[in-house]
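Worksheet for the structure shown next.
The values are calculated or read from the model by the stated rules, or taken from the named source; none is laboratory data. Bear in mind that the values here come from a model prediction, so they are computed numbers and not experimental data. Cβ placement follows ideal geometry from the backbone for every residue including glycine, while neighbour counts extend to all protein chains displayed.
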Amino acid sequence: MGCTRLSGLDASFLSVETPTAHMHVGWVAVFSPPADGAFPAFEELRDHIGRRLARAPRYRQKLAPVPFGLNAPEWVDDDSFAVDRHVFEAEGPLSRLVDEVMSIPLRRDRPLWELWVCSEASEDQLAIIGKAHHCMVDGIAAVELGSLLLDATPESPAPEPDDWRPAPSPSGERLVLRGMRDLVSQQLGLARWPMRAAGAPANTARQTAGAALRIGRALGHAVRAAPASSINGALSPLRRLAWTQRPLDDLQKVKRTYGTTVNDVMLAAVTGAIRARMIRRGEYLTPLKAMVPVNVRSPGDVLGNHISFVFADLPCDEPDPLGRLYRVHATMSQRKRDGEPEGADLALKAAEHTPGVVQHAISRIVASPRMFNLVVSNIPGPSEPLYMLSCPLQAVYPVVPLAEEHAVSIGMTTVHKQACFGVYADRASLPDAHLVAADIDHSITELLGAGSQVWLSRRQAADVRSEGAEVPSPVPA
């Protein structure tokens with residue numbers, strides 16, 4: 001695999017990483033025993049992973065910084081690569097091991113990923129903890145790359161041929177020359193944008209104006225200050241992952257009954273959980289601002305980050321579960337109608353043509369708690385059963401990284417017929433992550449039972465409509 005430069009978005013995750021804000025995404029994959037009841041030995045698992053790396057060549061590449069910081073780093077082959085520098089075995093209990101692994105940043109002198117096999121998850125479970133730097137993969141890519149290690153049937157296919165040999169590392173001089181060449185190209189690309197718009201045909205000009213409008217709307221919601229909250233403040237380097245799991249059909253039933261989306265149901269459940277925490281702490285109930293990643297990945301895209309964002313208010317001040325659901329639904333529907341995911345994507349791509357110092361400043365601003373209170377991410381996973389060395393995959397709990405001064409993030413991964421929630425928190429400033437996970441579960445139960453409650457009041461319905469979304473009629477389950 002040849003040398004490839006990090007995109008501006010990829011590089012931004014390096015620039016915002018600090019000793020207390022580690023920018024790795026991660027997951028905890030849980031497997032049940034194979035038909036014969038015997039889990040594979042660690043050595044067999046490690047060799048299995050090593051044989052599959054031909055499918056993911058980036059996992060054998062490391063970062064090569066450009067001297068003097070002239071441009072973003074390049075990916076180059078690691079001539080010291082060995083699978084046993086990335087795949088480890090450790091004793092449980094699982095929750096403690098997950099917290100320890102996620103509390104340590106990845107080393108930048110080698111490929112930016114690790115897998116840990118928990119040898120004592122339980123008698124009837126095998127667990128694998130994975131992490132990879134966000135500059136390398138986004139949440140969707142992390143799930144897809146995890147799937148590369150899995151099979152659609154209990155029987156593993158024959159090993160694939162692998163004749164990988166590391167390419168020679170580029171010299172410092174070559175890195176500088178390529179960095180300067182690409183920098184000039186980026187500047188020219190930025191300069192051509194207005195000229196292209198000015199000389200474009202009328203229909204293209206209208207498209208350009210529409211794109212500018214979408215960018216403006218996206219930036220308008222982005223720059224609106226997030227409220228002060230106890231979940232925003234100084235972090236420690238210590239992490240905790242709490243998790244819960246629900247049948248995916250529970251969320252789909254709520255979606256069908258109230259005419260919303262699974263993503264709306266997830267956001268409403270998270271809102272209910274954050275509201276419950278605010279009540280426990282005696283805090284003033286106010287909406288919080290969430291950054292919600294949106295997948296803009298094309299079929300041919302595999303590695304790197306292909307995500308955009310929308311910013312949405314989580315109505316933590318709303319006491320009614322259905323009121324929370326419809327306010328979330330109204331907000332997300334309006335964002336989609338306004339083309340804000342596309343607008344944010346265009347803004348991110350435009351920023352890639354700016355000088356590195358400007359990109360660094362933008363990254364810091366976007367990651368600030370003034371921009372958002374927490375990240376809430378829906379990460380679709382495999383819809384069919386998958387196996388690793390005949391062991392059925394049961395659940396995947398996601399880890400969504402914490403930017404500086406953000407004490408919690410929440411992700412949901414759907415695996416086959418399960419919705420798996422991961423509440424990832426700073427262990428020092430948010431020690432009650434397990435209660436937040438339990439409250440997500442409770443919020444979904446509330447929504448399932450909400451059909452017997454009184455529907456939205458006329459005032460609530462008017463509030464929802466004023467935000468631009470229709471209030472759907474309930475559909476019999």
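Numbers below:
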quantity: Candidates V184, V176, V143 - the one that is loosely packed, with under 12 Cβ neighbours inside 10 Å and either at pLDDT below 65 or not in a strand (DSSP E or B) (or both); calculated: V184
quantity: Residue within the range 320-338 that is over 20 Å from the mean Cα position of the chain (by Cα), of a type in the set (D, E), at pLDDT 65 or above and farther than 21 Å from V25 by Cβ present; calculated: yes
quantity: Filter pass, A35 being touching a residue at least 60 places away in the same chain (Cβ under 8 Å), more than 22 Å from the chain's Cα centre (by Cα), closer than 29 Å to P385 by Cβ and surrounded by fewer than 16 Cβ atoms within 10 Å (Cβ to Cβ); calculated: yes
quantity: Condition met for P194 (surrounded by fewer than 16 Cβ atoms within 10 Å (Cβ to Cβ), at pLDDT below 95 and either under 26 Å from L53 (Cα atoms) or in contact with a strand residue (DSSP E or B) (Cβ under 7 Å, 6 or more places away or on another chain) (or both)); calculated: no
quantity: Where a residue in the range 115-136 is surrounded by fewer than 22 Cβ atoms within 10 Å (Cβ to Cβ) and its partner, wherever it lies, is of a type in the set (S, T, Y), with Cβ under 7 Å and at least six apart; calculated: D124/S32; Q125/S32
quantity: Scan of the range 93-114 for residues that are more than 19 Å from L238 (Cα to Cα) and either in a helix (DSSP H, G or I) or of a type in the set (D, E, K, R) (or both), ordered by number; calculated: R108, D109, R110
quantity: Pair list, Cβ < 6 Å and 6+ apart or interchain, from the range 84-96 residues that are at negative phi and without any contact (Cβ under 8 Å) to a residue 60 or more places away in the chain to residues that are of a type in the set (G, A, S) and surrounded by 13 or more Cβ atoms within 10 Å (Cβ to Cβ); calculated: E89/S119; E91/S119; G92/A121
quantity: The listed residue being of a type in the set (V, I, T) and touching a Phe, Trp or Tyr at 6+ places or on another chain (Cβ under 8 Å), out of V375, V423, V366; calculated: V423
quantity: Residue satisfying all of: in the range 382-436; of a type in the set (D, E) and out of contact with any Leu (no Cβ under 6 Å at 6 or more places or on another chain); nearest to V25 (Cα to Cα) among these; calculated: E404
quantity: Residue that is modelled with the lowest pLDDT [pool: residues in the range 254-308 that are touching an Asp or Glu at 6+ places or on another chain (Cβ under 6 Å) and either at positive phi or hydroxyl-bearing (S, T, Y) (or both)]; calculated: G304
quantity: Of all residues in the range 1-25 being modelled with pLDDT of 90 or more and farther than 18 Å from P65 by Cβ, the one that is surrounded by the fewest Cβ atoms within 10 Å (Cβ to Cβ); calculated: P19
quantity: Within the range 388-410, considering residues that are farther than 15 Å from L115 by Cβ and β-branched (V, I, T), the one surrounded by the fewest Cβ atoms within 10 Å (Cβ to Cβ); calculated: V400
quantity: Breaking point among (1) touching a Leu at 6+ places or on another chain (Cβ under 7 Å); (2) within 13 Å of I128 (Cα to Cα); (3) surrounded by 19 or more Cβ atoms within 10 Å (Cβ to Cβ), for A90; calculated: (3)
